[in-house]
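Some notes on the structure that comes next.
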């Protein structure tokens, strides 16, 4: 150990002390010159594609700051997959920002923890703002009678078909009903095309089928799943999927095989005829499969009609925020036409029902999605919604494998969900 | 600063206790504590104290928010684990991973280290190549291995073209084949790591003993048994213990290759625990599983260290 | 065995050895090569199977985009500073601890060592919240200092365990000789034990640097200030939204760039794997 190393070690120690000292003088809000800084966490920038973040940071936030002198908005981009972990830890350490763009499934969870402000109590004009949004999207903010957020952006799943595969099945249009889907599967028997593909059996995957088949997962008051999830309608719907799977007409990705060809690759590649997916797929395929012309259509209709599932994000205000008034002004701004439409070209669907037509003008490909959203519904709004996905996957796979009957599998899942609702 | 005070203290303490066997009686052997002090204080505050809090959490139905009242459960979280089928399934998968990955990492790591120990013009170059998997991000290689083991991936393609199998194995769709694929990644990524430790340890093998053994007519294998192995005993103990710890903490590869699926059948202890904690906010139960895991690994490690203890009774 | 046949066997063995090693090496680096290939492939949202090792229309666009999308040079410097300082402190402190364990017998020796082992075993994710709250109370949130402190703490146990084995090999004869000359414990540690444990120190340095360079979960949790971000956070931001619209080419381009310093550290320090220091000094 010669001199340089010793110097390096000593120098490092000094530098570390300096860093620590610098850390100790951490600032707080920056109120010194009279301006108020509100912090906002989300994951707008994604996949190396920063167009959403650019619009937010260089157009929308400056516009807000101009209209609200003395207020600054500091946006922090957090990787999507890690936002929940960071929010959970920050909630435990009482270090949450003022505003969060939260996945809509997280709102009941953080509301239950008591770290969010019920906007329906706090904002005078809440009802007015809420009425303008899609009901299915607004519902994601409801927890124990109060609304803890407002919808920020939304999306939904529609049926996307490969035109060549439709042709191979002798169809001129995508299957519009359960029966047409089953007929298509029969027509594709013997080809190397699989009629339908999906990536799992979670609520995001299954609910469009369950609702369209006329069933549901619990009663409206979220008290019981038994008697609902295991209803005759659901048995019929899930049996259809099981039959497709066992006939080789539904991908093994459905039962959790991560080695199955992914839906984003298999649909343009001609392995799959149809998938259910969101508006972001267009951008993915435009780059890598420029010759692929996907066909968008509503979720196939069953006895309950064509009903899809709502996705997207809500904006919530934290209880620890020191600048609630300013933060609520920003929430109001997110509901404006200016904010909503600015993000449409970047692949975010508006949550304001009356802006639907303008959205389609901006991007005609969004017509099917906009239409589907009008009737789309929300998944279970409970704090531990992620456990529902685990239960559905775990309990239903044996039915797809033929180990137990669909009725039995649904009863098992319903019993588990009952426990969850009771806790 | 602690370091200079240590130096001063040590200077005053001119006749410090000698190395191991000669334990000279001293009233207060301050020197070793001074060497331990700076590191251990930091460790105690930033690691040991949080561990005690994690243990505390495991006795409660822990509500993460400060100020929220958590219900004291005693050992109920531990009892819950013992009666939880999924805990045992995850435990079984972890043990499978342990058995499938540790022996190959030790044997291959040692073989490569022995081969790379000998002089060669391209030695540094080869070392880098073997070390590359270690430095490549877990996220990236987990995704790559998922594609290798996909239904239409390279593994199936190779097996199919060479006629070993039909090439239609759904590796990631089944518990054991899924665990096998995950273990393959573990071995591939880990060989370079154990190779490094062995390479460093091989520098301490007494060359004179090696030559003496050669003169005595010992063959390669005998020299390896009689000279090399005893000389790298401490490194061997370190590698085995660390690999056991690592195997019990396997996470990202499982998370990204199978996501614990299908139907949770390839869950390992950490994927299950992570889902409980950050997915379902069951921090109390998650901590209980963490504590159980730690105790199991501790017992295994102490047993291993005892096994590697040399004739003088010195633990490596 | 005559001299000539022995030499012939040596050459034969050398060739076999190299063939085996190169074949193994190819297996080891194939995934890495694939990553490099993708980093030069335009518009790769979907990783196709079987892997394509030669891109059809190679491009540097992904590298440009990775560098352009964020303030990568700044994050690179942040990571470099944090990893270098953490590694230096950690190797220093842990070699001191290892020296205490290797050279002294004292009350509490085994207990302290076992506590260190427990620190290695407990899953880090369960410590995230207690450590976050602790860091908040000591004012280490949102600063590079907070990374250094916890990276040093997190690597101490492993390094101590590793170095203890190397420091035990210091020949007792030399140690005693120095003691006779009146050298105190610090001098014997600094002038004798450390130089003789160079391969071990080099290994500890290589591993610690890699661990600090790659660390993600803690950095993500405590860093909010975009200017204090480290490289893994930036890469994760590129990898973005689950499986939706990830531009693998850009992610891999950033990953390839991120591997370079680790390789440099490895190359620099693996030269300290020098044969014969110990054995030469004692028996020679």
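Odds and ends about this structure:
- Rounded FRET efficiency, nearest 0.05, which uses the C-beta distance separating residue A:173 from residue A:405 and R0 of 35 Å: 0.55
- Spacing of the two label points (7 Å from each Cα toward its C-beta) at residue A:220 and residue B:111, in nm: 6.9
- Angle in degrees between helix A:324-334 and the longest Cα principal axis of chain A, rounded to the nearest 10: 40
- Three-way shape label, chain B, alpha-carbon gyration tensor, a/c 1.5: oblate
- If R0 is taken as 60 Å, the Cβ-Cβ distance between residue C:191 and residue C:54 corresponds to a FRET efficiency of 0.65.
- Descending by average beta-carbon neighbour count within 10 Å, the peptides B:232-239, A:124-131 line up as B:232-239, A:124-131, the highest first.
- For the protein assembly as shown, the share of DSSP beta bridges that are antiparallel, to the nearest 5, is 65%.
- Where the alpha-carbon atoms of the protein assembly as shown are placed on the principal axes, they occupy 92, 73, 55 Å, in descending order.
- Peptide A:77-87, shielding by other chains (average Cβ, 10 Å cutoff): 6
- Contact order relative to length of chain B, as percent, for alpha carbon pairs under 8 angstrom and 6 or more apart: 24
- Ordered by the number of other Cβ atoms lying within 10 Å of each residue's own Cβ, fewest first, A:107, C:81 fall into the sequence C:81, A:107.
- Mean projected area of the convex hull spanned by the Cα atoms of segment B:61-176, taken over all viewing directions: 13.2 nm².
- The order of the peptides C:161-171, B:170-180 by mean Cβ neighbours within 10 Å, most packed first, is C:161-171, B:170-180.
- Between helix A:3-24 and chain A: long-axis angle, C-alpha atoms, 0 to 90°, nearest 10: 90
- Cα gyration tensor, segment A:310-416 - rounded (a/c under 1.5), prolate or oblate: oblate
- When both segment B:226-268 and segment A:83-143 are represented by their alpha-carbon centers, they are found 41 Å apart.
- The distance linking segment A:202-270 with segment A:354-376 is 25 Å (Cα centroid to Cα centroid, whole angstrom).
- Residue by residue along B:150-163, Cβ atoms of other protein chains within 10 Å of the local Cβ number 3 on average.
- Length-normalised contact order of segment B:15-170 in % [C-alpha pairs under 8 Å, at least 6 apart]: 7
- Burial order of peptide ranges C:95-104, C:250-259, C:190-199, C:119-128 (average beta-carbon count within 10 Å, highest first): C:95-104, C:250-259, C:119-128, C:190-199
- Counting, for every residue in B:124-131, the Cβ atoms of other protein chains within 10 Å of its Cβ and taking the mean gives 6.
- Segment A:272-304 and segment B:125-155 have Cα centres separated by 31 Å.
- Segment C:124-202 - percent relative contact order, Cα under 8 Å, separation 6 or more: 28
- Against the compact-protein benchmark of 2.2 N^0.38 Å, the Cα-based radius of gyration of segment A:262-376 scales to 1.30.
- Spin-label proximity, residue A:362 to segment A:149-171 - amide N less than 17 Å from point 7 Å beyond Cα toward beta carbon: A:151-156
- Chain A: C-alpha gyration tensor shape, a/c 1.5 cut-off, then a/b vs b/c: prolate
- Calculated FRET value between residue B:45 and residue B:71, using beta carbons and R₀ = 41 Å, to 0.05: 0.90
- Label-to-label distance, nm, for residues given as residue C:180 and residue A:303 (7 Å Cα→Cβ offset): 9.8
Read-outs: derived from the displayed coordinates by stated rules, not from any lab. Since the structure is predicted, the reported quantities are computational estimates derived from the model, not experimental observations. With ideal geometry, Cβ positions are generated from the backbone for all residues, glycine too; neighbour counts draw on all protein chains shown.
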